[in-house]
1. Among the numbered criteria (1) in contact with a Phe, Trp or Tyr (Cβ under 8 Å, 6 or more places away or on another chain); (2) assigned to a helix (DSSP H, G or I); (3) more than 16 Å from LEU88 (Cα to Cα), which one does VAL64 miss?
2. Any residue in region 72-88 that's touching a residue at least 24 places away in the same chain (Cβ under 8 Å) and more than 16 Å from ILE105 (Cβ to Cβ): show its pairings with residues that are basic (Lys, Arg) and surrounded by fewer than 16 Cβ atoms within 10 Å (Cβ to Cβ) at Cβ separation under 9 Å, as long as the two are six or more apart or on different chains.
3. Which residue, of ASN87, ASN101, ASN119, ASN63, is on the phi > 0 side of the Ramachandran plot and of a type outside the set (Val, Ile, Thr)?
4. Within region 1-14, can you find the residues that are at pLDDT below 90 and either over 18 Å from ILE109 (Cβ atoms) or assigned to a helix (DSSP H, G or I) (or both)?
5. Check off (1) among the polar types (S, T, N, Q); (2) buried (at least 17 other Cβ atoms within 10 Å of the Cβ); (3) more than 15 Å from ILE105 (Cα to Cα) for GLN59 and give me the number that stays unchecked.
6. Can you find a residue in region 57-79 that is over 10 Å from the mean Cα position of the chain (by Cα) and under 20 Å from LEU9 (Cβ atoms)?
7. Counting only residues that are farther than 17 Å from ALA81 by Cβ and among the β-branched types (Val, Ile, Thr), which one in region 10-46 is surrounded by the fewest Cβ atoms within 10 Å (Cβ to Cβ)?
8. Can you find a residue that is without any contact (Cβ under 8 Å) to a residue 12 or more places away in the chain, out of contact with any helix residue (DSSP H, G or I) (no Cβ under 9 Å at 6 or more places or on another chain) and not in a loop (DSSP other than H, G, I, E, B) anywhere in region 28-47?
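The values are calculated or read from the model by the stated rules, or taken from the named source; none is laboratory data. Bear in mind that the values here come from a model prediction, so they are computed numbers and not experimental data. Note that each Cβ is placed from the backbone with ideal geometry, even for glycine, and that neighbours are counted across all protein chains shown.
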Amino acid sequence: MSLFKTELLEQEVKNYSRLELSSEQRPMMDGIAKIIGQFLEINHLALKGFIWRSLKDLQVEHNVTTKDIGAMEPQERGKFALEAFDNLKGYLKKVLRDEANYSVIDNSIDQGIEFYKENFMFR
C-alpha cells in the first residue's frame, strides 16, 4: 500500500502536467524531486507538483519571482528555500495515509535541503 492517498496524488499529477517550467527552474525541480523521491513511495510528477506548489506559495506570500530569489545573496536565498521546503513538508504530510509516517517526510525533506545547499544555494 502506498504511503499516500492515491486520488490526491493523481490530481497533483494533472495539475503539474499543465505547467511550463523555465530552463532555470527545471534542473532544480528535477534534482530536488529525484533526491526526495528516493525516500518516498510517490509518483514523481505528483512530487514535482507539490514542489512547484510550495514555490508558488512562497512567491505569492512574499511577492517575489524565482528570478528575484535567484538574484539574492546565498544566505537570503537559503531562507526562502527553507520556507519552500517547509511548505512542501506540509503538503506531503497532508496527503499521507497515516500520520505515523511523518518521520519519513521529515527525513526526505532534510535530504532535499542538503541537496539544495550543495547544488544551488551558492551558485
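1. Just one mismatch for VAL64, condition (2).
2. As it stands, the answer is PRO74/ARG123; GLY78/LYS117; ALA81/LYS117, since those pairs meet every condition given.
3. Working: ASN87 fails: on the phi > 0 side of the Ramachandran plot; ASN101 fails: on the phi > 0 side of the Ramachandran plot; ASN119 fails: on the phi > 0 side of the Ramachandran plot.
Just a single option satisfies the conditions, and that option is ASN63.
4. Applying the first criterion (at pLDDT below 90) to region 1-14 yields 1-3.
Listed by number, the residues that qualify are MET1, SER2.
5. Here GLN59 clears every test but (2).
6. If we filter region 57-79 for residues that are over 10 Å from the mean Cα position of the chain (by Cα), which is where we start, we get 57-79.
From the residues that got through so far, the ones that are under 20 Å from LEU9 (Cβ atoms) too are 57.
Checking region 57-79: at least one residue is over 10 Å from the mean Cα position of the chain (by Cα) and under 20 Å from LEU9 (Cβ atoms).
7. VAL13
8. No, the conditions are met nowhere in region 28-47.
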